[in-house]
Structure formats: C-alpha cells, structure tokens
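One structure is given here, and the rest of the page talks about it.
The values are calculated or read from the model by the stated rules, or taken from the named source; none is laboratory data. Quick caveat, the model's predicted, so the values are computed rather than measured. So basically every Cβ, Gly included, is an ideal-geometry build from the backbone, and we count neighbours across all protein chains shown. With ligands, DNA and RNA removed, areas are computed over all heavy atoms of the protein, side chains included. Shrake-Rupley method; radii C 1.70, N 1.55, O 1.52, S 1.80 Å.
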Amino acid sequence: MDHQAFLAAFPRLLSTTISSSPTRFHGFLNLGGQDCEICIEAPNFPYAQDVSISTEMTFLHLVQKNEELLKTNSSVTLVDYLKNLQEVCTKNTTTKFGQTFSSHLDCFVLLQHLEIIGWSKISTISTDFSHICFQMVDDENRKHLMDITLTSYPEGEPTVKVDMPNGLNFRWDTKEGLKGVVQQWEKTVQQHQELWNVLDELDETARILDPINPTRKHTKRRILLSNFVTVQIAVSVQHPQSLPQCQFLGASQLTRPLIATLTEKYQEWDTDRSIVNNLESILGVTVVRKSSKQLDGSDDEEEEDWGGECVVCYSLHLEDKLPERTCDQCHKSFHLECLYEWLRGLPTSRQSMNLIFGECPYCTKAISCKVPA
Ligand SMILES: [Zn+2]
Ligand SMILES: [Zn+2]
C-alpha cells in the first residue's frame, strides 16, 4: 500500500529492490524545473529517516541540507520528504520544515553560479543561502576568507566582508554574479602578496606590542626597539618595501636622536632588506626579537623587564591602549589614564588647565601629564 502510494506520487522513481517494503529507488525527479537522475536509499521506507540521496551536484547541497532537517523529523514519509525537496529546489519557495527562503533570492540561479565557482571554494553556507563564506589559499599558503551577505540575487549587490587593508572594492555585475566578486577578490589577494610578506616577516622577527592579534587588514605594528623605545611602523599598502612611516614613543631624549638619524639617513632604506634589518642598520639600534625566551632556552614565566609596561598597573595593554607617557628621568612608561589617576591621588599634585603636575610613581622626579580625554 505504501509502495503503491509512493509510485502514484512519483511514477518515474522505480524500486530496484523486489519487496513490498523497498529500500532503494532509481529514476527521475523534477527538481528546480528540470528532470534529474536520482538514486535513493531509504532504509526505513515508507519513512524518510536516514535516507540518502545522490543526484546532480547542483542540488546536492539542498539534498544534504534537507537530510539535516530530517534528523529531527523521524516521522516524515519519503513521499513528503521528496515533495518538500522539490519545493526547496523550485525557486522562491518556503519549505515545510520551517526554512524560509528569501523571496528575493533566486536559489536556482545562485546554485548554478556556485556550481560554476566550485564548491571547494565555499567554506560555509547558511541554510537559507543568505550568508556564504568563500575560502582561498594564496601563493604563500595563507588562508583567506570572504563573507558574503545576500539580500537579493542576482539583482542586489551583496555585502562583502574581507580581512584586507582597504576592504574589497568590487564592481557588481548581475550577469557575472558572485563569480565576478570571487574573481576580483582572488585578484586583490594576489596583489597584496608583497605587503603580507613584509608584515609576516616583521611578525616573525620582532616582538609585536600592538595590535595584540594582528590580522591581514592591519598595516601598522608597534615594535620594541631598545629597552625603552617603541616604534609604530605603518607599512605602505602600495609600496610595502619602501620606508614605512615610523612613530617613536619613549623618553624624548631617547626618541629625539632616533628621529634625527632617520630623517638624515632615510635614503639608506634598502628595499631588498627587511624592515628590521633596515631599522637596525640605519638607526644603530637593536630590535627586540619575538622569541628571545625560546632563543635562550629559558622557560622563565615572567616577560623580561623591558621597561615598556605601565609602572602603575604593571601591564602593557589597558583595554587596547599602550603606555604612551614616559618619564624623562627614569624612562619608565605609563598609560595616560594610570599616570593621571596616580597624580590625582597625590596630595602634592596640582592641576592647571588640562595638565596635571606631580611626582613620577617610579623615581619621584617631577612629571606632568595631560588630563585624559
Ligand atoms: Zn597602566
Ligand atoms: Zn620617573
């Protein structure tokens, strides 16, 4: 009876097992307006539970998604399941299992386009197809992701999120669809290879103080020069190997000669050398290496005292801020907020306009600081 009902609903799907309760079917099913060859394994016929289906690539994703839904719907019959699958595959439909597809998303066109792009380039895709994450690996084996949000397809321009210095400037062409965006993204990633090579080399060599977790969009790094000076390096996106913008931070008697030397000798910047090599050779300083701990083999828990941490709160980062005030006498550093709070608590401190004057928390020599904004 169940088998007859099934045959009545899908006359072109024939059982390949001779039994009143068949478990295997082979034939054609109309999916998304076209006849697709389909093989069905239904161990719990007439129920669809644990069904497995193989069909054309274009619909495989939908089939797999439907299979996921089945896991929580053990009482769905195979007839209902296949009817639901047909509905899902027909554009602008709402599935029975509560998945609503945006009526502005032409899923059939989208799936065809994704097929052309290649499923291997897709990292994740949301069940309603509105969010797609593409993946790629560049020449240097760096992995990149692109998040796409679709509100309508193929007419509407998607929202694109990438981890690159200036985002992705793409031209939207409804005929090309996502394929065009993926191509422009891949091209832009290739164009940034030199930049990321330079930054990767810097990250692998120098101790990076900021950002805490640099990603591909970050072109600035704050590194540690000698015990008391840090320098923020802003690498040029267009000419990554050229002299970067360097902003020194530390006691003025230490930073002033560095700025003077760099201004005088900037033409000695050699684009064939790394940033670290250039800085060391031009400025005559040592850049603190990333893994000095590993290099000398010690497993000292404490970061060695390099003088960069705030002497008031004993940490480097206060939220995402670095110590930006340095005592000219003892060269110790402070977060602006920490120093201000410290000075404010001293009975001897005095405030004038937006400056507060008092004694250095470390060496008790005179120090002043701006009132934080
Ligand atoms: Zn602090
Ligand atoms: Zn001091």
| field | Which of ASN84, LEU14, LEU105, positive extreme of dipole for the chain (C-beta unit charges) | value | LEU105
| remark: Total charge of the residues flanking ASN277 in space, meaning their Cβ is under 11 Å from its Cβ, with Lys and Arg +1 and Asp and Glu -1, is -3
| note | Distribution output for the chain: share of Cα-Cα pairs per 20 Å bin in percent, first bin at 0, values 22, 33, 25, 17, 3
| note | Net charge (Lys, Arg +1; Asp, Glu -1) of residues whose beta-carbon lies under 12 Å from that of CYS338, CYS338 excluded, is -1
| Between MET146, MET164, MET353, which gets the highest mean-square fluctuation from a Gaussian network model of the chain, Cα cutoff 10 Å? | MET353
| Relative contact order for segment 165-225: what is it in percent, counting Cα pairs under 8 Å that are at least 6 residues apart? | 33 percent
| Looking only at CYS36, CYS246, CYS107, which one moves most when the chain is put into a Gaussian network model with springs between Cα atoms under 10 Å? | CYS36
| Where the accessible area of the chain is counted over protein heavy atoms with a 1.4 Å probe, how much of it, in %, is carbon and sulfur? | 48 percent
| note | Averaged per residue, the 1.4 Å probe accessible area of the chain, protein heavy atoms only, in Å², is roughly 54 Å²
| field | Relative contact order computed over the chain (Cα-Cα under 8 Å; 6+ residues apart), in percent | value | 7 percent
| request: Quickly rank 40-47, 235-242 as a protection proxy: mean count of other C-beta atoms within 10 Å, highest first. | output: 40-47, 235-242
| Within a Cβ distance under 14 Å of LYS175, other residues only, what is the Lys/Arg minus Asp/Glu net charge? | -3
| So who's got an amide H within less than 5 Å of the one on CYS36, skipping anything under 5 residues away but keeping other chains? H placed 1.01 Å off N, in plane. | LEU29, ASN30, LEU31
| note | Once amide hydrogens are built 1.01 Å from N within the peptide plane, the residues lying 5 or more places from LEU225 or on another chain with amide H under 5 Å from its amide H are THR230, VAL231, VAL288
| query | How much of the calculated P(r) for segment 206-268 lies past 14 Å, in percent of all Cα pairs? | reply | 60 percent
